[in-house]
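Enquirer: Below you'll find the structure I mean.
The values are calculated or read from the model by the stated rules, or taken from the named source; none is laboratory data. Predicted model, so just to flag it, every value in this text is computed and none were measured. All Cβ positions, even for glycine, are placed from backbone atoms using ideal geometry, and neighbour counts span all protein chains on display.
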Amino acid sequence: MSANEPVARIARRELHPSRALASVLAASALIIAFLWAAAETVLAALGRRPLLASPRQIAHWAAAVPAGTTPAVLIAAGAALAVTGLVLILLGVLPGSRARHRLSGERAAVVVDDDVIAAALSRTAHQRARTAPEQVTATVGRRRIDLVIRPTSGVPVDEAGIREAVDAELARYGLDPPPRLFLRSRGQGAVGV
Amino acid sequence: MNSTPRALNRFLLALLGIVLFAAGALTAWAGASPAVARQWTRAGQDTLDRITGQLRAAPVPGTGSSWWTAAAFLLLLLLVGLLVAWIATQGGGRTGSLGAHEDAGRGTTTVDVSFAAQSIRDATAQNRQLRSTTVSAWKIRGAHALRISVQARKGASPADISSALEEVISGLDAVLGEQIPVLVRIAAGPRTRFAHRERVR
C-alpha cells in the first residue's frame with residue numbers, strides 16, 4: 001500500500017470520519033458565546049442595560065459560584081460539563097470508523113459500503129443454497145461477517161458448500177484486515193417464502 | 001476526499017474537551033468538598049480584586065471604561081474571526097479540472113473533469129451491476145485526484161464492479177498520459193437499499 005501514498009491517503013480519509021460536523025457545532029457554540037460576551041462588553045461600556053448580565057455581574061457570579069449554589073447542583077452541572085468535555089476528547093482521539101471497507105488494489109482506492117458487501121455475500125449464499133433471497137441475512141461489521149440462513153422447510157442446507165462459496169467471493173475482495181465469517185443456519189425452516 | 005483539516009479538527013476538539021472536562025471536574029469537586037468551594041471563593045475574590053485594579057490602572061480618558069476592556073473586546077472579536085476561519089476550512093477542494101500541462105511557451109492544456117466524466121459514464125453505461133456513476137475532480141495537497149462514485153445494484157459483487165472500473169481507469173490513464181490518484185466509492189444508494197434483488201439475470 002505504501003507504493004502509492006496519495007491513493008492510500010485517499011482511502012484512509014474515506015474510511016474514517018473527518019469530525020467536520022462536530023467541529024462546526026463546537027465552533028458555532030463558541031462563536032455565539034464570544035459574540036454575546038463582546039456585546040455585553042460594549043453595552044456595559046456605553047452604560048446601557050445588559051442583554052442577560054453585564055461582564056461585572058458575570059465575573060462576580062463566577063467568583064462566588066460555590067457559595068451561591070447548592071452542592072448537588074454543582075456536582076450535577078460539573079458532571080455534565082465533564083462528560084461533554086470527555087465526549088469532545090474522545091472525538092479528537094479515537095479514530096472512528098465508517099461502515100465501509102477498502103478492497104485490494106494498487107491503482108485506485110476502492111472503498112465499498114458494508115451494505116454492498118452484505119448484499120453481495122447474501123446473494124452468493126442464497127444462490128448456492130438455492131433458497132429465496134429473503135431466507136439469507138448478512139451483517140457486515142469491521143472484523144466479522146454474520147450470515148444467517150433460514151432453510152426451506154424439509155430441504156437441508158449444504159453449510160460447508162455455502163461457506164466455501166461465500167469464502168471464495170470474500171477472498172476476491174481482499175479486505176484488510178480480513179473479517180471472520182460466521183455462518184449459521186437456523187433450525188426452524190421457512191414455509192412458503 | 002475534500003480538504004477538511006482533519007488533524008486540526010481533532011486537535012481543537014480535544015483541546016476544547018480538555019478545557020471543558022477540567023472546568024466540569026473542578027465544579028463537581030467544589031460541590032463535593034466544602035474546602036475546595038471555600039478556596040474557589042477566595043481565589044475568585046482575589047482575582048476580582050486584581051482585575052478591578054488592572055482596569056482602574058488604565059482608564060480611557062473621559063469615559064468610565066478601561067483600555068483593558070477594549071483589549072478584551074478586540075480579543076473576543078479576534079477569537080470569533082479565528083473560529084469562523086475554522087468553520088470555513090471544512091470541506092472544499094473540489095475543482096473542475098484534472099490538471100494542466102504547459103507546453104514550453106506554446107500554451108497550456110487543461111483537461112476538464114467533464115471529459116473524464118463523460119468517458120467514464122460511457123464506459124460504465126452498459127454495466128448492469130451499476131445503477132449510476134458520478135465523477136468529480138478534487139485538489140488534494142496541490143495535486144489533482146479523481147473520485148468515481150458508483151451506486152451498485154443490490155447483490156452486485158463489489159469485486160466485479162472494482163475490476164470493471166480498474167479497466168475503465170487504465171483506459172483513462174492511457175488517454176491522459178499520466179496516472180492521477182483515483183478513489184472509487186461503491187455505495188448502496190437509497191434506491192438500492194430498499195430494492196428487491198433481481199431474481200432473474
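Enquirer: Quick one: A:Ser23 ticks every box in (1) modelled with pLDDT under 95; (2) in contact with a Phe, Trp or Tyr (Cβ under 9 Å, 6 or more places away or on another chain) except a single one, so which number is it?
Expert: The single condition A:Ser23 does not satisfy is (1).
Enquirer: Considering only segment B:59-71, how many residues are touching a strand residue (DSSP E or B) at 6+ places or on another chain (Cβ under 6 Å) and either at pLDDT 85 or above or of a type in the set (Phe, Trp, Tyr) (or both)?
Expert: 1
Enquirer: Hey, another quick one. Quick one: would you say A:Glu106 is among the acidic types (Asp, Glu) and closer than 30 Å to B:Leu172 by Cβ? Don't jump to the end; show me each part of the working.
Expert: Details: among the acidic types (Asp, Glu): yes; closer than 30 Å to B:Leu172 by Cβ: yes.
Considered against the rule, which asks whether it is among the acidic types (Asp, Glu) and closer than 30 Å to B:Leu172 by Cβ, A:Glu106 comes out as yes.
Enquirer: If the requirement is being surrounded by fewer than 21 Cβ atoms within 10 Å (Cβ to Cβ), over 22 Å from the mean Cα position of the chain (by Cα), at pLDDT 90 or above and within 19 Å of B:Pro158 (Cβ to Cβ), which of these qualifies: A:Ala108, A:Ala171, A:Ala125?
Expert: The conditions single out A:Ala171.
Enquirer: Continuing with the same structure: For segment A:131-154, name all the residues that are without any contact (Cβ under 8 Å) to a residue 24 or more places away in the chain and either under 30 Å from B:Ile169 (Cα atoms) or not in a strand (DSSP E or B) (or both).
Expert: Answer for segment A:131-154, where residues must be without any contact (Cβ under 8 Å) to a residue 24 or more places away in the chain and either under 30 Å from B:Ile169 (Cα atoms) or not in a strand (DSSP E or B) (or both): just A:Pro133.
Enquirer: Determine whether B:Leu75 is within 30 Å of A:Thr41 (Cα to Cα) and either free of Cβ contacts under 8 Å to residues at least 24 places away in the same chain or in a strand (DSSP E or B) (or both). Walk me through it before giving the result.
Expert: Numbers: within 30 Å of A:Thr41 (Cα to Cα): yes; either free of Cβ contacts under 8 Å to residues at least 24 places away in the same chain or in a strand (DSSP E or B) (or both): yes.
So B:Leu75 fits the description; yes.
Enquirer: Against the condition closer than 24 Å to B:Arg10 by Cβ and buried (at least 16 other Cβ atoms within 10 Å of the Cβ), how does A:Gly78 come out, does it pass?
Expert: So A:Gly78 does not fit the description; no.
Enquirer: Any idea which of (1) within 34 Å of the chain's Cα centre (by Cα); (2) more than 7 Å from every other protein chain (Cβ to nearest Cβ) is the one A:Leu52 doesn't satisfy?
Expert: (1)
Enquirer: Would you mind finding the one in B:Ala7, B:Ala43, B:Ala22 that is in a helix (DSSP H, G or I), out of contact with any strand residue (DSSP E or B) (no Cβ under 7 Å at 6 or more places or on another chain), over 18 Å from A:Ala63 (Cβ atoms) and of a type outside the set (Phe, Trp, Tyr)?
Expert: Every option except B:Ala7 fails the conditions.
Residue by residue, here is whether (1) surrounded by 14 or more Cβ atoms within 10 Å (Cβ to Cβ); (2) under 30 Å from A:Gly78 (Cα atoms) holds:
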position	(1), (2)
B:Ile18	yes, yes
B:Pro34	no, yes
B:Ala37	yes, yes
B:Ala57	no, no
B:Ser66	yes, no
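Enquirer: Still on this structure: Return the residue satisfying two criteria in turn: it lies in segment B:140-156 and is buried (at least 18 other Cβ atoms within 10 Å of the Cβ) and either among the charged types (D, E, K, R) or free of Cβ contacts under 8 Å to residues at least 40 places away in the same chain (or both), and of such residues it is nearest to A:Val166 (Cα to Cα).
Expert: In this case the residue turns out to be B:Ala156.
Enquirer: Also, I was wondering about something else. Does A:Leu90 count as at the interface with chain B (Cβ under 7 Å from one of its Cβ atoms), surrounded by fewer than 21 Cβ atoms within 10 Å (Cβ to Cβ) and farther than 26 Å from A:Arg172 by Cβ? Lay out the reasoning, then the answer.
Expert: Details: at the interface with chain B (Cβ under 7 Å from one of its Cβ atoms): no; surrounded by fewer than 21 Cβ atoms within 10 Å (Cβ to Cβ): yes; farther than 26 Å from A:Arg172 by Cβ: yes.
Judged against the criteria, A:Leu90 is not a match.
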